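Just so you know, all these numbers are worked out from the coordinates, no wet-lab data involved. Just so you know, these numbers come straight off a predicted model, no measurement behind them. Every residue, glycine as well, gets a Cβ built from its backbone with ideal geometry; the counts of neighbours run over all protein chains shown.
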C-alpha cells in the first residue's frame, strides 16, 4: 500500500452501487465526500458538506445533472458551483458559492476518487469483476494476516478461500477501519458468488479478531 | 380497525406503512408514550399486559406483536405481500420476521437510549445493531445475486416492512448506515413505492417529489 496518500487514487465504491440519479457517502484521505452520479450517468465527487449550513450533501438527492442539499435545496453542478437557491428563485448564485470537488475515474467497475493531483491513472484491474464492498473494523495489516497475503502498491491482494481465488482491493479508512472491495476472476455462477461473499465475511471476522487481539493489553 | 399508535415509534410506523401499502384505512388512536407513559396505564395494560405498542384492535381480535399485525393486514387486504407458498419463500418470510425482533432489540434499544434516555449498555446495543445490519446487508446482497431486490422475492413483502423502519432510523441510535451499499439500494426501492408514507426521520425519495417552483420577483 502507498504510505503517502498525496497524489493518489482511492477506490471508494463499486459502479453497481452508484446507479444514475443517486448519491453515496465515502471517506477518502482528503476527508468525507459525497459521490454522486447524474441522470445521464456522469460521476462526480464533492466535499460532503453544503457550504450553506454544513449539512452532509450525501444526505441530499440528485435531480437531472445536479446534486441538491436535503436541508434547503441548494443545488450544485459537476464543477461544484452553486446553480440554484430555491429560497431566492430570481438570484443567479455568485461564483464564490461552491463545494470543493475531486477528480473521479471509473475503471473496471470501480469508482476512484483522486486525492491531490495524481500523475497517473487508477489501476486497470484487468480480468477482475467486482462483487461487493464491505467495511472491516480492522487495519490493513490484520486483513493481510487473515488473508495470508500482502497487498501490493495499489492495495490489491490475492487470497484463496476454499477452492476460490478472491482478490481484495483495500482502502484504508480513518483509524483501524478498512474498506474492502471484493473482486473475482470472471463472473462465476450465482453459487460461486454467494460462496465468495460468505468467504469474505469469514475473513473479515478473522481480521477483526486479530485486530482485537492486537489492541488487547 | 383501530391502531393504538405513537408517531415516533418505528413499530407503530410499520403498521401505518403496511396499511397504506395495502390500502387499509386505520382508525388511529394516539397514545402518549412519551412523556405520559400512557401505554403503561390501566386502559392500555388491560388490552396488552405486556405494556407495549402498537396494539391493533379489530372486533374482538387484539394483536400486540407488530409482525402479526403486518401479516393480518396483508392477509386481509393485500395477500401478495405475504410472499409465496413455496417452502423456501414461506420460510424466508418467517426468518426475516423473527430477525426483525433483533433489530428492534438492538437498534431500537440504542435509539431509545439516545433519544429518550432509557437505561441500557449503549456500546453493546450498538455492537448488536451493527452485527444485525451486517447480516441484513449480506442477505440482501445474496438476494441481489439471485436477481431479487427485496428480502424474499423481487417484490416487497411483510418481511421488508418488518425490517425497514429500525434500519432506516439506526443513526438515531448512533449507528451509521454509511457502510451498507445494498441496504442503501433496498431502502431507496422501498421509499420509492407508490403508496409509501413517511414518519419523522424517514422520508420518501425526495427526487420523486415535484420540483418546487416559486414565482421569482424577489431576491
- Hey, what angle do you get for helix A:190-215 against the long axis of chain A, alpha-carbon based, 0 to 90 degrees rounded to 10? 90
- Query: Between region A:85-160 and region B:158-184, what's the alpha-carbon centroid distance in Å?
  - Reply: 24
- Message: Within a 10 angstrom radius of the beta carbon, how do B:202, A:143, B:183 rank from fewest other beta carbons to most?
- Response: B:202, B:183, A:143
- Item | Gyration tensor (alpha-carbon) shape descriptor, chain B, a/c threshold 1.5 | rounded
- Item | Cα-projected label distance for residue B:86 with residue B:177, points at 7 Å along beta-carbon direction, nm | 2.9
- What nm value, rounded to one decimal, do you get for the distance between residue A:216 and residue B:131 when each label is placed 7 Å out toward the C-beta? 1.7
- Task: Round to the nearest 0.05 the FRET efficiency obtained for residue B:32 and residue B:115 when R0 = 25 Å and r is the Cβ-Cβ distance.
- Result: 0.95
- Test item: A:90-100 mean partner chain Cβ contacts at 10 Å: 1
- Message: Classify the protein assembly as shown from the C-alpha gyration tensor, please: rounded if a/c falls under 1.5, else prolate or oblate depending on whether a/b exceeds b/c.
- Response: oblate
- Obtain the nm distance between the two label points defined at residue A:198 and residue A:71 by a simple spin-label model: each point lies 7 Å from its Cα along the Cα-to-C-beta direction. 4.5
- Query: For chain B, modelled as a Gaussian network with Cα springs under 10 Å, which listed residue fluctuates most, B:45, B:18, B:199?
  - Reply: B:45
- Note on the structure: Per-residue average of other protein chain Cβ atoms inside 10 Å, peptide A:78-89 -> 2
- Could you put A:66, B:157 in order, starting from the residue whose Cβ has the fewest other Cβ atoms within 10 Å? A:66, B:157
- Note on the structure: Taking every residue of A:17-25, the Cβ atoms of other protein chains inside 10 Å of its Cβ average out to 3
- Fewest to most Cβ atoms within 10 Å: A:144, B:88 sort as B:88, A:144
- Task: State the Cα centre-to-centre distance between region A:1-66 and region B:120-151 in whole Å.
- Result: 23
- Query: If you wrap a convex hull around the C-alpha atoms of region A:51-129 and split its volume per residue, what is the figure in Å³?
  - Reply: 118
